[in-house]
Amino acid sequence: MSEIILDPARWESMEAGDAAFVEEWLACEGDRVHAGQVLGRAMLIQQNVDIEAPHDGVLEQICVAGGDSFGRGDVLARVVDF
């Protein structure tokens, strides 16, 4: 199982305590996904960021719903092997 978080480098220009939010999910729980596939989009300091699958598998769980905010290191979703 892999936990999906935003790359820590994306947070470098943010102040402590700043949060981002998930704009939308393009995949649903239970969908088969492929490495690099865009699963959703997040907004981070007025910049759109793609949320990508780390490997082929199944999107097991979406942990942050569309429209909800999240912070540095928060798990956005989980992907399990086929």
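Here are a few things to note about the model shown:
- Flag if residue 50 is outside any strand (DSSP E or B), out of contact with any Pro (no Cβ under 8 Å at 6 or more places or on another chain) and acidic (Asp, Glu): no
- Scanning region 37-54 for residues that are open to solvent by 80 Å² or more (accessible area, probe 1.4 Å) and closer than 17 Å to residue 3 by Cβ yields a single hit, 52.
- Failed criterion for residue 57 (all others in (1) open to solvent by less than 60 Å² (accessible area, probe 1.4 Å); (2) within 17 Å of residue 70 (Cβ to Cβ) hold): (2)
- Restricted to region 4-36, and to residues there that are touching a residue at least 60 places away in the same chain (Cβ under 8 Å) and in a loop (DSSP other than H, G, I, E, B), the residue that is surrounded by the fewest Cβ atoms within 10 Å (Cβ to Cβ) is 5.
The values are calculated or read from the model by the stated rules, or taken from the named source; none is laboratory data. What you see is a predicted model; the values in this text were computed from it and never measured. Quick reminder, even Gly has a Cβ in these numbers, built from the backbone with ideal geometry, and neighbours come from all protein chains shown. Surface areas here come from the heavy atoms of the whole protein model, side chains and all, with no ligands, DNA or RNA. Shrake-Rupley method; radii C 1.70, N 1.55, O 1.52, S 1.80 Å.
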